[in-house]
1. Give the range 26-57 a look and list any residue that's of a type in the set (A, V, I, L, M) and either assigned to a strand (DSSP E or B) or surrounded by fewer than 16 Cβ atoms within 10 Å (Cβ to Cβ) (or both), or say none.
2. Has the range 72-87 got at least one residue that is touching a Pro at 6+ places or on another chain (Cβ under 9 Å) and more than 21 Å from Pro126 (Cα to Cα)?
3. Asp23 fails exactly one of the following numbered conditions: (1) more than 18 Å from Lys198 (Cβ to Cβ); (2) open to solvent by 50 Å² or more (accessible area, probe 1.4 Å); (3) at pLDDT 95 or above; (4) not aliphatic (A, V, I, L, M). What is the number of that condition?
4. I need the full set of residues from the range 159-196 which are open to solvent by 10 Å² or more (accessible area, probe 1.4 Å), part of a helix (DSSP H, G or I) and out of contact with any Lys or Arg (no Cβ under 8 Å at 6 or more places or on another chain), in order please.
5. When both residues are 6+ apart or on different chains and their Cβ atoms are under 7 Å apart, which pairs have a first residue that lies in the range 247-272 and is more than 23 Å from Ser212 (Cα to Cα), and a second that is open to solvent by 50 Å² or more (accessible area, probe 1.4 Å)?
6. Quick check on the range 227-250. Is at least one of its residues under 22 Å from Ala112 (Cα atoms), assigned to a helix (DSSP H, G or I) and in contact with a helix residue (DSSP H, G or I) (Cβ under 7 Å, 6 or more places away or on another chain)?
7. Would you pick out the residues in the range 214-226 that are in a helix (DSSP H, G or I) and open to solvent by 80 Å² or more (accessible area, probe 1.4 Å)?
8. Any idea how many residues of the range 94-123 are surrounded by 19 or more Cβ atoms within 10 Å (Cβ to Cβ) and β-branched (Val, Ile, Thr)?
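The values are calculated or read from the model by the stated rules, or taken from the named source; none is laboratory data. Since the structure is predicted, the reported quantities are computational estimates derived from the model, not experimental observations. Quick reminder, even Gly has a Cβ in these numbers, built from the backbone with ideal geometry, and neighbours come from all protein chains shown. What goes into the accessible areas is simple: the full protein's heavy atoms, side chains included, and nothing from ligands, DNA or RNA. Shrake-Rupley method; radii C 1.70, N 1.55, O 1.52, S 1.80 Å.
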Amino acid sequence: MKILITGHQGFIGQNLTLYLQNDHELFGYEWQEDSLPEVEDFDWVIHVGAISSTTETDVDKVMLQNYEFSKWLFNQCNTKGVNLQYASSASVYGTNTDFNEDAPKQPQSPYAWSKYLFDRWVWGLPQHNIVVQGLRYFNVYGPLEDHKGNQASPVTKFTEQATKSGRIKLFENSDKYLRDFVFVGDVCEVHKQLLENKAPGLYNVGTGTTTSFKEVADIIAKKHNAKVVEIPMPDNLKGQYQEYTCADTSKLSTVTDIKFATVEEYVNESTN
């Protein structure tokens, strides 16, 4: 198949490109307001390009790139008969603890709002002329996210700290912060299987299990013989920091068949 991947130079975009390149004809696009992509003649658009920073405060910028561009892209695909996969986010659930796709939403940041509003818009349309698949990512980690800096996953940040300084900086009370950490390779496999079966819908993409930040730090510290040091949480993260995420994967499991890796399996098998 001929596929256009938006955000192909980002963390998930790079991994998707490597994962799919042997089976499909791939093309990439990065956001430029004065140069929008031509989708005609593609079989699929995989739209993973976005401002992904949960601490970005320029709301107009986030809404333009994440919401308005996504609507424009859907309309182009819908008009020209090109199927669309797009990235949503578990951040739309906010501080709620029910993670069914239809559960109440409580976005806490401009990023989360942009994802929620596009979900709401695209699934509120009376009909689609194409296959539309939304993938609501939980806490994705893995290779090729080093460029994300403070927005990188704890797995990547803790590994870098352990190997460079021998000390892992962990927010206080991190044993109480439980997240559904999902390996990016498994996320790519979800994309691949959904491309093949063309099952429309909005799906949580997570493991359905939780691991605390402290457990992640301890796993990495053990591998690299590093020390874990607790630090206070920065003020800019208080209030929007999710204490708990755990994907309800019952819907995803009806259309895919994946054995998700655990954080411990990934860390112990990684060369880093």
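1. Residues of the range 26-57 that are of a type in the set (A, V, I, L, M), as a first pass: 26, 36, 39, 45-46, 48, 50-51.
Selection gives Leu26, Leu36, Val45, Ile46.
2. no
3. Against the list (1) more than 18 Å from Lys198 (Cβ to Cβ); (2) open to solvent by 50 Å² or more (accessible area, probe 1.4 Å); (3) at pLDDT 95 or above; (4) not aliphatic (A, V, I, L, M), Asp23 comes up short only on (1).
4. Across the range 159-196, the qualifying residues are Thr159, Glu160, Thr163, Lys164, Gly185, Asp186, Glu189, Lys192, Gln193, Glu196.
5. Val255/Asn197
6. The first filter runs over the range 227-250 and keeps only residues under 22 Å from Ala112 (Cα atoms), leaving 233-249.
Subset that is assigned to a helix (DSSP H, G or I): 235-237.
Filter once more, keeping what is in contact with a helix residue (DSSP H, G or I) (Cβ under 7 Å, 6 or more places away or on another chain): none.
Within the range 227-250, not a single residue is under 22 Å from Ala112 (Cα atoms), assigned to a helix (DSSP H, G or I) and in contact with a helix residue (DSSP H, G or I) (Cβ under 7 Å, 6 or more places away or on another chain).
7. Keep residues of the range 214-226 that are in a helix (DSSP H, G or I), which gives 214-224.
Matches in the range 214-226: Glu215, Lys222.
8. 1
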